[in-house]
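Some notes on the structure that comes next.
The values are calculated or read from the model by the stated rules, or taken from the named source; none is laboratory data. Computed from a predicted structure; not experimentally measured. Because the Cβ atoms are built from the backbone with ideal geometry, glycine has one as well, and the counts that use them run over all protein chains shown. The protein model used for the area step is the full one, side chains on, heavy atoms only, and it has no ligands, DNA or RNA in it. Shrake-Rupley method; radii C 1.70, N 1.55, O 1.52, S 1.80 Å.
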Amino acid sequence: MNHPTPPSASTIAMAMALALAVSGCSGSGEPAKADVAAQAAATPSAAPEKQADPSAVLPPGWQRIGGERVPSVAAGEATLPARVRSDDGVEVEVDDASRIIAGGDDIIAVIEALGQGAQIFAAPTNATTDAGRSAPHRFLFNRTTGVEGVLSLGGSLFLGNSLRRHGDLADKLRAVGQDAVIIDDLQPAPDKVRKVAAAVGRAEAGAVLARAVEEQLKEAAAIAATSTRRPRVIHVSATGAGGNPTVAGADSASGTLIALAGGLNIGTEAGVANFSALSNEGVLASAPEVILVTAHDLQLFGGADGLWKAYPTLKQTPAGQAGRVWVMPDLQLKYTSVGSGAGALALARALAALPPA
C-alpha cells in the first residue's frame, strides 16, 4: 500500500562519495564471510566443446584483484509489512517481497547478501550476479520501460535503482496498486544496503551488513592515507555511451572508490560525467599508471585484444606499456553495493604496493 507524501526541499540527497560513508557508525560484530560461489556442473562428454573465453586467461603482467570478504548474513524471517521511504520521497508499505523485480545488480547483490537471492523474480538482461542470471524472468530496464511490461511479469515488489530511469515507472506502478520502491544508485554503499534490506523486511540484518561495509571502507581509507603519492588510474568500460567504450567519471561508483583507495581517477580529472567517451588523444594524454576493467566488461571487449582495439592509444600509456591492467569483480568496482568495501580494500592495497614513481 502506497502513501504519497509531499517531497521535502531536497527530495533525496544523492551523496556520491563513498568516502562520506566511512564517517558512519562502526559495528562491534565481525562481518560474515562471503558466500562460496556454486561450482559449475561438469560438462557431459557428449556435449560439444564451448569456444574458449578470450578473457579467461590474462596476458603477462595483468592481475585479477578483488576482496574475498564480501559481507553476508544468513537468511532470516522478514518482518512484513514494512513501511519505508522510497528515494523519490514516497512512503511505501511493502506487503510481499517474495517476487522481486530488481532494477540492477547493486540491488540484487544486497538481496543475495541477505540470503534471499531466490526472491529475485526478474532482473535486467545484462545482470552479472548469480541471482540475476538465474532469475525466472529477464527484462530490459531503461527510461522507456513500460508499466504494462513490468506488471505482466507478476512480481510482488519493484525495486528500482535509479531516480532517472525508474522514477516515472514507479509512479505508474503505484497508481495501479504495485508496490514500488526506488533506492537510487547515487548514494554511499552503506545507505543503499540499509534501504534495500528495510524494503524487504530485513532492516536489522541490513544494519549489520552496512556496518561491515563501513568498516571496510574505513580500513581502505586508512591504507590510502599512508601513501605518499596518488597513482593515476583509468577505469574503462565496454558500455555506457550508446554501447561505445567509456571511461568512469567523478559521478560514478568506481570514480569515487578510486579516490577513496588512494588513486587519482583519470575520468574525474578529465571532467567526464558518469561513464562517457574519452578521445584516443585524451586517453594518451592522461598517462594512466593503472588500467582498471571489470571481469564482465573484459568479456564484452573480447579479452585483451578487444580492449586494445577499443582504445588503440591505451597500450601506449605508462600502464599499457607496463601491462598493468587490473581486472576486478563488477560488484566491487562498477556499482555501489555490499561489495564496495571489499573492492575498496583490495584496490587500496594494490595501489599501496605499487613501486615508487
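Greater than 31 Å separation of Cα atoms is the criterion. Which listed pairs, 195/315; 218/334; 309/334; 192/309, meet it? Long pairs (Cα-Cα over 31 Å): 195/315; 192/309. Put simply, the Cα atoms of segment 233-357 extend 34, 32, 27 Å along their principal axes, the longest span coming first. With the whole protein complex present, residue 268 retains an accessible surface near 70 Å², based on a 1.4 Å probe. Each of 190, 146, 206 was placed along the dipole of segment 138-263 (beta-carbon charges, centred on the mean Cα), and the one lying farthest toward the positive end is 190. Amide hydrogen proximity for residue 275: with H placed 1.01 Å from N in the peptide plane, the residues at 5 or more positions away or on another chain lying under 5 Å are 249. Take the alpha carbon atoms of segment 78-139, find their center, do the same for segment 196-270, and report the distance between the two centers in whole angstrom. First find each Cα centre; the distance between them is then 22 Å.
Rg and Dmax of segment 144-245, based on Cα coordinates, read 18.4, 57 Å.
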